[in-house]
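Chemist: Submitted below is the structure of interest, expressed as structure tokens.
The values are calculated or read from the model by the stated rules, or taken from the named source; none is laboratory data. Since we're looking at a predicted model, the values are computed, not measured. Every residue, glycine among them, receives a Cβ derived from its backbone with ideal geometry; neighbour counts consider all protein chains shown. To get the accessible areas, we keep the full protein, side chains included, count just its heavy atoms, and leave off ligands, DNA and RNA. Shrake-Rupley method; radii C 1.70, N 1.55, O 1.52, S 1.80 Å.
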Amino acid sequence: STFDVAVVGAGIVGLASARELVRRHPSLAFAVLEKEKELAHHQSGHNSGVIHSGIYYKPGSLKAKLCVQGAALCYEYCDQKGIPYKQCGKLIVAVEQDEIPRLKALYERGLQNNVRGLKLIGAKEIQAKEPFCRGLMALDSPYTGIVNYKQVAQSYAEDFQEAGGTILTDFEVTNMEMAKESSSESEDGLKYPVVVRNSKGEEIYCRHIVTCAGLYSDRLSEISGCSPEPRIVPFRGDYLVLKPEKCYMVKGNIYPVPNPRFPFLGFHFTPRMDGSVWLGPNAVLAFKREGYRLFDFSTGDFLDAVTYSGLWKLVLRNLSYGLSEIYRACFLSAQVEQLQKFIPEVTINDVLRGPSGVRAQALDSDGNLVDDFVFDGGSGDIGSRILHVRNAPSPAATSSLAIAKMIADEVKRRFEL
């Protein structure tokens, strides 16, 4: 029960980071602590499975840099491990004239981010690639792909364990503190001064901690005495699925041109590795941090969200957008209308309600979505021994191996491993 570094959270980012750390420091002892009984159970197991190419993100941002690097590493890793993927490409489609300038700006941004193979195509080329899709112009990203990220995360876990790492599941971290002086009298107490306790009262001792806790990143930061900002507010995304006999209508990813006035991306068509096609998602406030169903509710999580001033500032700035998202969540026909802008042949009889995911959206106190990855620690006895991965939104799964390299660099710098 003594480790040099404990990584809290066995999602894809936590497992990738643990794998990278044990590969760099094979003589040290590493553990991954996971509150669920299985790995990659939340965001990593509920995402759309897209390997993003890095088009959307602000040039020079961590998101842009890590996504482009991460996509290349993801394909390389899948090839090495024999993990199936499809490089099915993506079209970002302008269906209105006023979307074309935004699409061209997106193309320029993608070029600045060194995204491979990008080109603008016209209506005829759109139909050549996606026979059922209608649009005026599209940005063609042939390097975008799909994969099962839960399978990728499981493979990271196997690599980590084969290299000597320990994974403790059903270990919900509820407390971190410095060992009492009496413990420090022993050699182990001096070497492993941090006690990590779980909800059952079980303990492990370690020198340093890295948290990759997704939906609970702000709470773990608070537990450790570090800053609670940025706060996590959960947004549920509900998908529809095309009926199996209608999946022939979609070959690759079909996305809308993002509207900078709205905080989320909008409805899109996403083929999956199992042959199904997901449609969506919408984005509505979840009343529970792991609330995948419409009526899932946690009093604590709900109060946490609605008493945060940052959420109200976000809501008031995007009131009409938020109300329309709630309306679409309730009425299937409203979601189908969005889809028909791209594939007019889709009807309400062609779709079924599908799975849901919850996005750990980091918000600052001014109501701004924290758009980039955030890594920080704290001060004092505990804070100086911790690195928190505070915000790892999409494209974190695509970027996981690149994020892991950055975290391993930061761990070495901060903790002098």
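Chemist: Provide the per-residue ³J(HN,Hα) series for region 204-218, in order, calculated from phi with Karplus coefficients 6.51, -1.76, 1.60 and θ = phi - 60°, each as a whole number of Hz, with x at glycine and proline positions.
Modeler: Taking θ as phi minus 60°, the curve returns 10, 10, 8, 8, 9, 10, 10, 9, 10, 9, x, 5, 10, 4, 5 Hz for region 204-218.
Chemist: What's the center-to-center distance, using Cα atoms, between region 341-378 and region 231-265 in Å?
Modeler: 8
Chemist: Under the Kirkwood approximation for Rh and a Cα-based Rg, what ratio Rg/Rh is obtained for region 231-369? Don't jump to the answer; show the numbers that get you there.
Modeler: Values: Rg = 15.7 Å, Rh = 15.9 Å.
Checking Rg against Rh, the ratio lands at 0.99.
Chemist: Could you order peptides 274-287, 13-26, 344-357 by the average number of other Cβ atoms within 10 Å of their residues, highest first?
Modeler: 13-26, 274-287, 344-357
Chemist: Report, in degrees rounded to the nearest 10, the 0 to 90 angle that the Cα long axis of helix 62-81 makes with the longest principal axis of the chain.
Modeler: Approximately 90 degrees, to the nearest 10.
Chemist: Given that compact globular proteins tend to follow 2.2 N^0.38 Å, what is the ratio of the alpha-carbon Rg of region 28-71 to that value? Intermediate results must be reported in sequence, preceding the final value.
Modeler: Numbers: Rg = 14.8 Å, N = 44, 2.2 N^0.38 = 9.3 Å.
Normalised Rg, Cα atoms only: 1.59.
Chemist: Using only Cα atoms and rounding to the nearest 10 degrees, what angle (0 to 90) does helix 12-24 make with the longest principal axis of the chain?
Modeler: The angle comes out at about 50 degrees.
Chemist: Rounded to the nearest Å, what's the spacing between the alpha carbon centres of region 43-111 and region 306-330? Just the number, please.
Modeler: Cα centroid to Cα centroid, the span is 27 Å.
Chemist: Once you order the gyration tensor axes a ≥ b ≥ c over the Cα atoms, which shape class does region 98-144 get: rounded for a/c under 1.5, otherwise prolate or oblate by comparing a/b with b/c?
Modeler: On the way: a/c = 3.07, a/b = 1.41, b/c = 2.18.
Judged from the Cα gyration tensor, region 98-144 comes out oblate (a/c at least 1.5, b/c at or above a/b).
Chemist: Could you sort out which of LYS124/LYS243; LYS86/LYS405; LYS200/LYS412; LYS86/LYS119 sit more than 29 Å apart by Cα distance in this structure? Walk me through the numbers before you get to the answer.
Modeler: Numbers: LYS124/LYS243 27 Å; LYS86/LYS405 25 Å; LYS200/LYS412 32 Å; LYS86/LYS119 20 Å.
Too far apart for the 29 Å limit: LYS200/LYS412.
Chemist: Return the long-range amide H neighbours of VAL351 (sequence gap of 5 or more, or a different chain), with a cut-off of under 5 Å between placed amide H atoms.
Modeler: Sorted by chain and number, the residues that satisfy this are LYS243.
Chemist: Using alpha carbons only, how many angstrom separate the centre of region 13-37 from the centre of region 400-417?
Modeler: Each part's Cα centre sits 12 Å from the other's.
Chemist: Taking every DSSP beta bridge that has both residues in the chain, what percent is antiparallel when rounded to the nearest 5?
Modeler: Numbers: 46 of 66 bridges.
So the antiparallel bridges in the chain amount to around 70 percent.
Chemist: Here is a follow-up. Given springs between every Cα pair under 10 Å in a Gaussian network model of the chain, which of ALA123, ALA392, ALA64 has the largest fluctuation?
Modeler: ALA123
Chemist: Heads up, I need the accessible area for THR398: 1.4 angstrom probe, whole protein in place, Å², nearest 10.
Modeler: Looks like 0 Å² after rounding.
Chemist: So what is the relative contact order for region 231-369, in percent, with contacts set as C-alpha pairs under 8 Å and at least six apart?
Modeler: So the answer I get is 38 percent.
Chemist: Moving on to the next point. Would you mind getting the accessible area per residue of region 231-369, heavy atoms of the protein chains only, 1.4 Å probe, in Å²?
Modeler: Numbers: 6340 Å² over 139 residues.
Accessible area per residue: 46 Å².
Chemist: Counting only the backbone N, which residues of region 47-68 are under 11 Å from the spot 7 Å out from the Cα of GLN112 toward its beta-carbon?
Modeler: 57-61
Chemist: Hey, which aspartates and glutamates would be in cross-link range of LYS65, C-alpha to C-alpha under 19 Å, not counting anything within fewer than 8 residues on its own chain?
Modeler: Excluding near neighbours in sequence, the set is GLU20, GLU76, GLU108, ASP371, ASP372, ASP376, ASP409, GLU410.
Chemist: Same structure, new question: Output the 0 to 90 degree angle, nearest 10, between the alpha-carbon long axis of helix 100-112 and the longest principal axis computed from the alpha carbons of the chain.
Modeler: Compared with the principal axis, the helix lies near 40 degrees.
Chemist: Could you calculate the FRET efficiency of ARG134 with TRP312 from 1/(1 + (r/R0)^6), where r is the beta carbon distance between them and R0 is 35 Å, rounded to 0.05? Walk me through the numbers on the way to the answer.
Modeler: On the way: r = 39 Å, r/R0 = 1.12.
Once rounded, the FRET efficiency stands at 0.35.
Chemist: Counting only residues 5 or more places away or on other chains, whose amide H sits under 5 Å from the amide H of THR211 once H atoms are built in the peptide plane?
Modeler: VAL8, LEU387, HIS388, VAL389
Chemist: Karplus couplings for region 233-242 from phi (6.51 cos²θ - 1.76 cosθ + 1.60, θ = phi - 60°), rounded to Hz, Gly and Pro as x?
Modeler: These are the phi-based 3J(HN,Hα) values: 10, x, 10, 8, x, 9, 9, 9, 10, 6 Hz.
Chemist: R0 = 25 Å: FRET efficiency of GLU202 with MET178, Cβ-based, nearest 0.05?
Modeler: Numbers: r = 18 Å, r/R0 = 0.72.
The calculated FRET efficiency here is 0.90.
Chemist: Here is a further query. So what J values fall out for region 319-333 if you push phi through Karplus, 6.51 cos²θ - 1.76 cosθ + 1.60 with θ = phi - 60°, rounded to Hz, Gly and Pro as x?
Modeler: Along region 319-333, the couplings run 4, 5, 4, x, 5, 5, 5, 5, 4, 5, 5, 8, 10, 4, 4 Hz.
Chemist: Could you size up the charge dipole of the chain around its Cα centre, putting +1 on the beta carbon of Lys and Arg and -1 on that of Asp and Glu, and report it in debye to the nearest 20? Spell out each step's value before the answer.
Modeler: Numbers: 48 positive and 49 negative charges, 274 e Å.
Magnitude of the dipole: close to 1320 debye.
Chemist: Related question: Carbon and sulfur: what percent of the chain's accessible surface (1.4 Å probe)? List each step's numbers first, then the result.
Modeler: Values: 9100 of 17850 Å².
Reported share for carbon and sulfur atoms: 51 percent.
Chemist: Could you give the nm distance between label points at ILE326 and LEU417, where each point is 7 Å from its Cα heading toward the beta carbon?
Modeler: The two pseudo-label positions are separated by 4.6 nm.
Chemist: For GLN80 and ALA105, compute 0.36 nm times the residue count separating them, minus their Cα-Cα distance, and round to one decimal in nm. Could the numbers behind the result be given before it?
Modeler: Values: separation 25, 0.36 × 25 = 9.00 nm, distance 3.57 nm.
Extending this stretch completely gives an extra 5.4 nm.
Chemist: Quick check for me: using +1 on Lys/Arg Cβ and -1 on Asp/Glu Cβ, what's the dipole size of region 231-369 about its Cα centre, in debye to the nearest 20? Display every interim value, and only then the final one.
Modeler: Details: 16 positive and 13 negative charges, 23 e Å.
Approximately 120 debye in magnitude.
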